[in-house]
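Here the structure is laid out as structure tokens; the discussion comes afterwards.
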Amino acid sequence: MIDKTQLPLVSIEAINEIHFEEVDILNTLSNLIDEQDTDTITSQIKLLVEHMQKHFSFEEGLMKDKSYPMYTIHQADHNKVLSETRYILMDWRNTKDIDRLKEYFQDELIAWLDQHIKAMDMPMAEFLMSS
């Protein structure tokens, strides 16, 4: 579970709101994994993938509009985590390995989100606000 009050904030409120929405989806998914609600997990992962696509597209549009110099690196990080999440969805459909889901969503993805916001989104937002 992610405590929204502990989530790093950026200087663009629309991005913070997108992050909060993603946290809600991740927290719901985490609960479903803990409850081993295999019937609902697949649809929640699909919802997360759809949200990630919109989230990343929004940020990438902002970066392109302002010619953000770190755009390629930032986009590559988005592409990496989106590919990983899609792979986990495919793997889940094939194996129903709840432990693998738990490790990815409750450990790896949550750590990635915190690190990505601090290392990528905060500097991006500062650049966008200053240009």
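The values are calculated or read from the model by the stated rules, or taken from the named source; none is laboratory data. Values in this document were obtained by computation on a predicted structure and should not be read as measured data. No Cβ is skipped: glycine too gets one built from the backbone with ideal geometry, and neighbour counts run over all protein chains shown.
Quick notes on this one:
- Any hit, segment 1-24, residues being surrounded by fewer than 18 Cβ atoms within 10 Å (Cβ to Cβ), touching a Leu at 6+ places or on another chain (Cβ under 8 Å) and farther than 29 Å from PHE127 by Cβ: no
- Listed by first and then second residue, the pairs with beta-carbon distance under 8 Å, at least 6 apart or on different chains, first residue in segment 69-83 and in a helix (DSSP H, G or I), second of a type in the set (Asp, Glu), are TYR71/GLU60; HIS74/GLU59; HIS74/GLU60; GLN75/GLU60; HIS78/GLU59; HIS78/GLU60.
- Looking only at segment 37-59, and only at residues there that are acidic (Asp, Glu) and at pLDDT below 95, the one that is surrounded by the fewest Cβ atoms within 10 Å (Cβ to Cβ): ASP39
- The set of residues from segment 90-107 being within 14 Å of the chain's Cα centre (by Cα), surrounded by 14 or more Cβ atoms within 10 Å (Cβ to Cβ) and without any contact (Cβ under 8 Å) to a residue 60 or more places away in the chain comprises just one member, TYR104.
- Residues of segment 1-44 classified as in a helix (DSSP H, G or I), β-branched (Val, Ile, Thr) and over 11 Å from the mean Cα position of the chain (by Cα), total: 8
- The set of residues in segment 35-53 being in contact (Cβ under 8 Å) with a residue 24 or more places away in the chain and either in contact with a strand residue (DSSP E or B) (Cβ under 7 Å, 6 or more places away or on another chain) or closer than 27 Å to ALA125 by Cα (or both) consists of LEU48, VAL49, HIS51, MET52, GLN53.
- Count of segment 20-39 residues which are under 17 Å from THR95 (Cβ atoms) and of a type in the set (Ser, Thr, Tyr): 1
- Against the numbered list (1) at pLDDT 95 or above; (2) assigned to a helix (DSSP H, G or I); (3) within 30 Å of MET129 (Cβ to Cβ), ILE110 comes up short only at (1).
- Number of the condition not met by SER131 [criteria: (1) at pLDDT below 95; (2) among the small types (Gly, Ala, Ser); (3) closer than 16 Å to GLU22 by Cβ]: (3)
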